[in-house]
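The values are calculated or read from the model by the stated rules, or taken from the named source; none is laboratory data. Worth saying up front: this structure is predicted, and the values here are computed from it rather than measured. Cβ coordinates were reconstructed from backbone atoms using ideal geometry, including for glycine residues, and neighbour counts include every protein chain displayed.
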Amino acid sequence: MEARIGAFLATQIAGARDVRVTALRRIPGGASRETWSFDAAWEGDAGPRQQGYILRRDPDAGLLESDRGAEYAVYRALEGSSIPAPRAYWLELDGRWLDRPFFVMERIDHCFAAPAALMAPAMHRIHDEVGRQKMAILGAIHQLDWRRLDLSALGTAPEPAQCAATELEKWRSVVHKEELEPQPVLELALAWLGTHLPPPPRAVALVHGDYRTGNFLFDRHGTIRGVLDWEMAHFGDPLEDLAWASIKQWQYARDGKVGGLLTRREAIRLYRAASGIEVEPAAFHWWELLGNVKMAAIDLTGARSFVEGRTREVLMAIVGRMLPSLEVEIIHLLRSGPQAGEVRD
């Protein structure tokens, strides 16, 4: 595989000769795409060069179907913006190089992404700072003037009044396509969501779609240096991202904190300050419930991929066993609702 990547790079780097790829390794996670890290060295017109890269390749089967071209386009569009993100270099759709489509982007070294690294006792000292930056960056994403960016790959933006219904129908379709058996709890949630649509946002925003601890790079000083995994990016209601980041699935410290970092109240306060967007409790509750249905739909996709033999990735076998805990949370959200005048802790 190193030789094949080297052959590809030789066609992409102007003037590169004797391209050598070393230290190739697969990075754990990346259930929607395989993520590989490698070093490249070559002879150029100005002398020897070397650089570290990340390669994101389509899997044989994953947790969700997404457009790698759209993800690549988002990275390219964000270059030079206020949002920290790795630079994307090349998109390759031809399977002749690595059997499946892939793209190559910048590797940001001396950073961590795994939630386990952030939850380690030695990292507790940076939790407040990482949490503050996490909410500030999310606010900045939602304040982007996306109409000035080249984001045509994401399609046409919905009208504000259609944001919730569009996402609900998207994930309803995934549940019905991927379920291996009847899903009565999910059907109950889908029915409730369909009859309790939230008020529309004041403005449609660029939505990351999977904004959470684990999808950004941070260093030992608590600086977030790159937001990753834009494969679910789309235009929609900004509260979708905030609620997704807050679901119980991502409470890694198991202490109720958003992403293992901040209390929900503090996270929302920081987000309001960064985005200027009011967080209406009923709307937040609706998006939180949809977030749990979305997580269940993703897990169903992975489980079907494994059961049908399209992948042997162990993670795909595991995710199907996460459904009961999601069902418990969905029932809890259906029964509790938002507390009057405040967002539920």
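The combined condition, being in contact (Cβ under 8 Å) with a residue 12 or more places away in the chain, buried (at least 20 other Cβ atoms within 10 Å of the Cβ) and in a helix (DSSP H, G or I), is not fulfilled by E266.
For the range 186-209, taking the residues that are hydrophobic (A, V, I, L, M, F, W, C) and buried (at least 18 other Cβ atoms within 10 Å of the Cβ), the one that is nearest to F284 (Cα to Cα) is identified as L193.
Per-residue answers, yes or no, for (1) modelled with pLDDT of 95 or more; (2) in the same structural domain as T301 (by TED's automatic domain parsing); (3) among the small types (G, A, S); (4) surrounded by fewer than 19 Cβ atoms within 10 Å (Cβ to Cβ):
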{"residue": "T11", "(1), (2), (3), (4)": "yes, no, no, yes"}
{"residue": "R20", "(1), (2), (3), (4)": "yes, no, no, yes"}
{"residue": "L24", "(1), (2), (3), (4)": "yes, no, no, yes"}
{"residue": "G29", "(1), (2), (3), (4)": "no, no, yes, yes"}
{"residue": "S37", "(1), (2), (3), (4)": "yes, no, yes, yes"}
{"residue": "D45", "(1), (2), (3), (4)": "no, no, no, yes"}
{"residue": "Y72", "(1), (2), (3), (4)": "yes, no, no, no"}
{"residue": "L78", "(1), (2), (3), (4)": "yes, no, no, no"}
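Among the candidates A274, A317, the residue that is in a helix (DSSP H, G or I) and at pLDDT below 95 is uniquely A317. Applying the condition of being touching a residue at least 60 places away in the same chain (Cβ under 8 Å) and acidic (D, E) to the range 120-158 and asking which residue is farthest from G259 (Cα to Cα) yields D150. Contact map, the range 159-173: residues that are farther than 10 Å from G236 by Cα paired with residues that are in a helix (DSSP H, G or I), Cβ distance under 7 Å, separation 6+ or inter-chain. Pairs shown: L168/L193; L168/G194; L168/L290; W171/L290; W171/V293; W171/K294; W171/A297; R172/L190. For D109, are the conditions met, namely being assigned to a loop (DSSP other than H, G, I, E, B), within 17 Å of G6 (Cα to Cα) and of a type in the set (D, E)? When the stated conditions are applied, D109 does not pass them.
If we scan the range 327-341, do we find a residue that is assigned to a loop (DSSP other than H, G, I, E, B) and closer than 26 Å to P84 by Cα? No, the conditions are met nowhere in the range 327-341.
Determine whether the range 294-309 contains at least one residue that is out of contact with any Lys or Arg (no Cβ under 8 Å at 6 or more places or on another chain), without any contact (Cβ under 8 Å) to a residue 60 or more places away in the chain and either closer than 15 Å to S246 by Cβ or of a type in the set (S, T, N, Q) (or both). Yes, that holds for at least one residue. Pairs linking a residue in the range 108-119 that is at pLDDT 95 or above to a residue that is among the charged types (D, E, K, R) and assigned to a strand (DSSP E or B), with Cβ atoms under 8 Å and 6 or more positions apart or on different chains, are I108/R225; C111/R225. Put simply, of E313, E288 the only residue that is crowded, with 20+ Cβ neighbours inside 10 Å and closer than 26 Å to L118 by Cα is E288. Screening the candidates R33, R57, R68 for the property of being buried (at least 20 other Cβ atoms within 10 Å of the Cβ), under 16 Å from G214 (Cα atoms), in contact with a strand residue (DSSP E or B) (Cβ under 8 Å, 6 or more places away or on another chain) and not aromatic (F, W, Y) yields one hit, R33.
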